[in-house]
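Notes to accompany the following structure.
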């Protein structure tokens, strides 16, 4: 069973995933990085050459591979949950929704950044992505953590404590984690 992070693009899944993996002594798989490595191209190049559909096929294959590995932390791309195959693959895993505000995503993603789906009219596009994906994140997640404040290490510690996986049993105040 893996610990899987879902959420909007630029929500901090990769950074949180790395912090969680380090604390747990597990391997961290970032599906966006896996797609880029297997394609030997950037996600922006894949979108430009194969379109979103081509990227989504690659993303679903990378996700399936990562979820087949023994206990790991897996950070999914923001849209991975749109694939029925990915949603089915999440069964039996601990799925954590890193929920962040649109304002935080826009600040982190920056204007005209490397995220193809947020290039043109990022504010409007993000609003649409949030409306489309929020119900999927809610339905798939076993836990939800707010990622608007705190650095990845703080979020990792709080989440691990909530999941009963922390070594120190820390009860320090931090971002809210909900069991959903």
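Structure data summary
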{"item": "Listed peptides 154-162, 38-46, 127-135 by packing density, highest first (mean Cβ within 10 Å)", "result": "154-162, 38-46, 127-135"}
{"item": "Fewest-first sequence of 83, 101, 149, 15 by Cβ atoms within 10 Å of each Cβ", "result": "149, 101, 83, 15"}
{"item": "Simple label model, 7 Å out from Cα along Cβ direction - residue 69 to residue 163, nm", "result": "1.5"}
{"item": "Virtual spin-label span in nm between residue 88 and residue 138, 7 Å along Cα→Cβ", "result": "2.6"}
{"item": "For 126, 163, order by how many other beta-carbon atoms lie within 10 Å, fewest first", "result": "163, 126"}
{"item": "Difference of contour (0.36 nm per residue) and Cα-Cα distance, residue 50 to residue 102", "result": "16.0 nm"}
{"item": "Neighbour-count ranking [beta-carbon atoms within 10 angstrom, fewest first] of 104, 31", "result": "104, 31"}
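Throughout, read-outs are computed from the coordinates displayed, never taken from laboratory work. Because the structure is a prediction, the values reported are computed rather than measured. So basically every Cβ, Gly included, is an ideal-geometry build from the backbone, and we count neighbours across all protein chains shown.
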